[in-house]
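Peer 1: Below are the C-alpha cells for one structure; questions will follow.
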Amino acid sequence: MTTLVSIRGVAKRYTRGKQTVDVLQALDLDIASGDFLALMGPSGSGKTTLLNLIGGLDKPSAGEIVVDGKRIDQLSSGQLAKWRARHVGFVFQFYNLLPVLSAEANVELPLLLTSLSKAQRKKNVAAALAVVGLADRATHKPSELSGGQQQRVAIARALVADPTLLVCDEPTGDLDRKTADEILTLLQQLNRNHGKTIVMVTHDAKAAEYATHRLDMDKGALVTSGDSH
Amino acid sequence: MKFLAQMFKLISINLKSVPARWGATLVIVVGLAGVVGVVTALQSMSAGMVATLRATGSADRAIVLRGGSNSELSSFFTRDQAIVIEQAPGVAKGEDGKPLASGELSLIAERPLRRSNTDSNVSLRGIGPAGFTIRPELQIVEGRSFKPGLQELIVGLKAREQFIGLDIGSAVQIRGSLWTVVGVFASNGDAHESEVLVDIETAQSAFRRNGYSSLLVKLDDPSAFQAFKDSLTTDPRLQVDVQNEVEYFSSQSRSFTKTIGVLVSVVGVIMGLGAIFAALNTMYSAVAARTVEIATLRALGFGGGVVIAATVMEAMVLALIGGLIGAVGAYAFFNGYTVSTLGAGFTQVAFSFRVTPTLLINGLVLSLFVGFLGGFFPALRAARMQIAVALRAA
C-alpha cells in the first residue's frame with residue numbers, strides 16, 4: 001500500500017505565559033492509504049493534537065507533514081482551509097452539527113466550497129445520507145435526531161465531498177455501547193467497502209478493535225503500534 | 001461567486017439562530033431604533049425650521065434694515081429715510097407708477113401659548129397695501145382683511161394654532177389697546193404665518209412709532225439686487241443693511257440650525273457610541289455562543305474572510321432592522337408635527353418637523369455604520385480563533 005500520510009520529526013509546543021509545554025516530540029509516522037488507524041492513549045498524551053496536525057487544523061512547531069504528496073505544514077491558513085475542504089472529512093465527538101440546519105443542509109455545507117451545481121450538490125447529499133442509512137431523515141433538524149443519528153449525519157457530512165482522509169476525534173465518546181458499535185461498524189464499512197483512509201482518536205479499547213491498526217501514545221510520543229485484530 | 005454563496009449561507013445560518021438569542025439581539029435592534037429615531041427626530045426639527053424660514057421670501061425682493069441690526073425688532077427708519085430708499089434704482093414700480101415698497105413696523109405682543117398656557121411673544125407686523133401687493137402668497141383664508149384706521153388684525157394660520165385667543169371675533173389686548181381679530185391668512189406655510197398683521201398707519205398711531213422697522217421692496221428682477229444694495233450702502237444719508245429676502249430669512253435660521261446641529265452631534269455621538277457598544281456586546285455574545293459552530297465551519301474549509309463578512313453582515317442586518325424601526329417611528333410620530341420656538345426676533349416661529357427622505361436615508365446609513373463597527377471586531381475575533389482550541393469548547 002502507498003503512504004498517504006508521512007510525518008517526520010514533528011513537534012508541537014504550546015507557550016502559556018512563560019511556560020512552554022511540549023505536546024509532541026520528534027514524532028515520525030506513516031499512514032498507508034486505505035488504512036483505518038486508531039490512536040489511543042491517556043488524556044494529555046497528544047493524540048488529539050496529532051490528529052489536528054494530520055487534519056490540517058493546526059500547524060507543527062517543527063517537522064514535516066506530507067498528505068497525499070502535499071506538504072501541509074508549510075501552507076498558509078487560507079491555503080490550509082482550501083486544502084481541508086478538498087482532502088479531509090471531520091467527525092467530532094459531539095457531532096458539531098449546526099442546530100438551525102436540517103440534516104441535508106448540514107451535509108451540504110462542505111459542498112458549498114466546491115463548484116458543484118445545486119442539483120449536483122443535492123444528488124451528492126442524498127447519496128451520502130443513503131450511505132449512512134438516513135435518507136428518510138434528510139429534512140430533520142439535529143434536535144429531532146438521536147445521538148447516533150446525529151453522528152451518522154456528521155459522517156455523511158465528512159464523506160460528501162469525497163475526501164482523501166477521514167479524521168475522527170472520539171466519534172463514539174458521546175454514545176452508548178450499542179450505538180457506538182453501529183457507528184464504528186459504519187466507519188469500518190467505509191474503510192473496507194469504499195476504501196476510505198480513517199484516522200480515529202479514541203479512549204475506548206473496544207472501539208480501537210474496529211480499526212486495522214492501533215497506535216498508543218504517551219507524553220507526546222508513540223509508544224506501541226500493531227494490528228488491532 | 002463562491003465567496004458570496006458561502007457568505008449568504010453563513011448569514012442565513014446566523015440569522016436563523018437569532019430566535020435562540022432574542023434577548024441579546026433585541027439590544028442591538030432596540031438600541032439602533034432609539035438612536036435613529038432620536039437623531040432623525042432632532043434633524044427633522046432642524047429641517048422643518050430651515051424649510052419654514054427658507055420658504056419665506058422671494059429672490060426678487062429685498063429687505064432693508066438699519067445698519068448693524070440683526071433683526072427687524074432692533075431696526076428703525078424715519079419716514080424720510082424710507083422715501084430715499086424707495087427711490088433707489090432697481091425698485092419695481094406698480095401699475096400706479098409708485099415704487100413697490102412696503103414700510104413695515106415689527107413689534108412684539110404677548111399671548112398665552114396653547115401647549116403650555118404660558119405667555120410667549122407673538123410677532124405683530126404693521127403692513128400697508130403695498131405689503132400685500134409685494135407678497136402675493138399672502139392670502140386671506142377666513143374672514144376678511146383689517147380696515148385701515150380700525151384696531152383690527154388678521155392672524156396667520158400657525159399663529160392661531162399656537163396661541164390662545166386668536167380666533168376670529170376675539171378681542172386681543174395689545175400694549176394697552178384692544179384689537180379685534182377679523183381674519184386669518186395663509187402664506188404658503190412660511191414664517192409670516194406665525195405673525196399677526198395690522199394696518200401700518202393704525203399701528204404707528206396706537207404704538208406711537210412714527211417710522212418703520214424695515215422696508216421691503218420688490219425689485220425689477222433678482223439681478224437688480226446688487227445695484228439696489230450698492231446705491232443704498234454708498235448713500236451718505238443712510239446707514240443701512242440690505243439683504244435679499246431669501247438670504248435674510250435663511251440667516252435667521254442659522255443659529256437655530258447650528259444649535260440643533262450641535263445637539264444632534266452630541267446626542268448622536270453619545271447614543272451612537274452606546275449603540276456601538278450594545279452591538280459589540282450582542283455580536284461578541286453571538287460569536288461566543290457560536291464558537292464551536294464557527295470553528296466547525298472553519299474546519300470544514302470556510303475561510304476567515306467569509307466568517308468576517310457573514311458576522312459583519314449579520315450585525316448590519318440587525319442594525320438595519322433597528323434603524324428601519326427608528327426611522328419609521330420618527331416619521332410616524334414627528335413628520336408634520338407642528339411646534340413653535342423663539343426665532344431670531346424673540347418671537348415665536350411655528351414650524352413643522354420634516355422627516356425627509358434624506359433624513360431617513362441618513363438614519364439608515366447611520367444604523368449600517370454602527371452595525372458595521374459593532375460587527376467587525378467580534379467578526380475579527382471569530383475569524384482569528386484557533387480552530388483546534390475553539391473545537392474543544394464543545
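Peer 1: Using a 1.4 Å probe on protein heavy atoms only, how many Å² of accessible area do B and A hide from each other, summed over both chains and rounded to 100?
Peer 2: In total, this chain pair buries about 2000 Å².
Peer 1: Below 16 Å, Cα to Cα, which lysines can A:Lys141 reach? Residues fewer than 8 away in the same chain don't count.
Peer 2: B:Lys16
Peer 1: Looking at chain A, identify the longest residue range that excludes and avoids all trypsin sites (Lys or Arg not before Pro) in DSSP loops having at most 14 other Cβ atoms within 10 Å.
Peer 2: Answer - A:19-218.
Peer 1: Continuing with this model, one more query. Averaged over all directions, how much area does the convex hull of the C-alpha atoms of segment B:266-394 cover when projected, in nm²?
Peer 2: So the Cα hull casts an average projection of 9.6 nm².
Peer 1: Taking Cα atoms of chain B, Rg/Rh with Kirkwood Rh, to two decimals?
Peer 2: Rg divided by Rh gives 1.21.
Peer 1: Taking the Cα centre as origin and putting +1 on Lys and Arg beta-carbons and -1 on Asp and Glu beta-carbons, what dipole magnitude results for the protein assembly as shown, to the nearest 20 debye?
Peer 2: With Lys and Arg at +1 and Asp and Glu at -1, about 1340 debye.
Peer 1: So, for segment A:103-229, what is the accessible surface per residue at a probe of 1.4 Å, expressed in square angstrom?
Peer 2: 43
Peer 1: Please report the orientation-averaged projected area of the protein assembly as shown, defined via the convex hull of its C-alpha atoms, in nm².
Peer 2: Taking a quarter of the hull surface, the average projection is 40.7 nm².
Peer 1: Report the label-to-label distance for A:Asp218 and A:Thr20 in nanometres (one decimal), using points 7 Å from each Cα along the Cα→Cβ vector.
Peer 2: Each label point is offset 7 Å from its Cα along the Cβ direction, giving 2.6 nm.
Peer 1: Over segment A:85-229, with every protein chain in place, what whole percent of the accessible area is carbon and sulfur at 1.4 Å, could you tell me?
Peer 2: The value for segment A:85-229 is 49 percent carbon and sulfur by accessible area.
Peer 1: For segment A:32-103, how big is Rg over Rh, using alpha carbon atoms and the Kirkwood form of Rh?
Peer 2: Reported Rg/Rh (Cα atoms, Kirkwood Rh): 0.99.
Peer 1: For segment B:1-114, what size does the Cα cloud have along each of its three principal axes, sorted from largest down, in whole Å?
Peer 2: That works out to 80, 44, 28 Å along the principal axes.
Peer 1: Using modelled amide H (1.01 Å from N, peptide plane; none on Pro or chain starts), what sits under 5 Å from the amide H of B:Arg66, excluding residues fewer than 5 places away?
Peer 2: For B:Arg66, the qualifying residues are B:Phe76, B:Asp241.
Peer 1: What is the ratio of the Cα radius of gyration of segment B:107-251 to 2.2 N^0.38 Å, with N the residue count, to two decimals?
Peer 2: 1.13
Peer 1: Hey, another quick one. Suppose we take every Cα in segment A:1-156 and form the convex hull; what volume per residue is that in Å³?
Peer 2: Per residue, the Cα convex hull of segment A:1-156 comes to 155 Å³.
Peer 1: Taking the convex hull of the Cα atoms, report for segment B:63-150 its projected area averaged over all directions, in nm².
Peer 2: 8.4
Peer 1: In addition: Would you mind pulling out the separation of the Cα centroids of segment B:282-346 and segment A:176-229, in Å?
Peer 2: Cα centroid of segment B:282-346 versus Cα centroid of segment A:176-229: 48 Å apart.
Peer 1: Over all pairs of distinct alpha carbons, what does the Kirkwood formula give as the hydrodynamic radius of segment A:130-207, in Å?
Peer 2: This gives a value of 12.9 Å.
Peer 1: Right, another one. What whole-number value in Å² describes the accessible area per residue of segment B:107-157 for a 1.4 Å probe?
Peer 2: 46
Peer 1: Right, something else. May I ask which of B:Lys147/B:Lys229; A:Lys59/A:Lys219; A:Lys178/A:Lys206; A:Lys70/A:Lys123; A:Lys82/B:Lys2 have a Cα-Cα span longer than 22 Å here?
Peer 2: B:Lys147/B:Lys229; A:Lys70/A:Lys123
Peer 1: Taking only the C-alpha atoms, wrap a convex hull around segment B:202-255 and report its volume per residue in Å³ as a whole number.
Peer 2: Value for segment B:202-255: 134 Å³ per residue.
Peer 1: Among B:Ser251, A:Gln120, B:Tyr337, whose Cα sits farthest toward the positive end of the charge dipole of the protein assembly as shown (+1 at Cβ of Lys/Arg, -1 at Cβ of Asp/Glu, about the Cα centre)?
Peer 2: A:Gln120
Peer 1: How large is Rg/Rh for segment B:213-334, to two decimals, with Cα atoms and a Kirkwood Rh?
Peer 2: When Rh is taken as the Kirkwood radius, the ratio is 1.38.
The values are calculated or read from the model by the stated rules, or taken from the named source; none is laboratory data. Quick caveat, the model's predicted, so the values are computed rather than measured. Don't worry about glycine lacking a Cβ; one is built from the backbone with ideal geometry, like all the others, and counts go over all protein chains shown. The accessibility values were calculated without ligands, DNA or RNA, using every heavy atom of the protein model including side chains. Shrake-Rupley method; radii C 1.70, N 1.55, O 1.52, S 1.80 Å.
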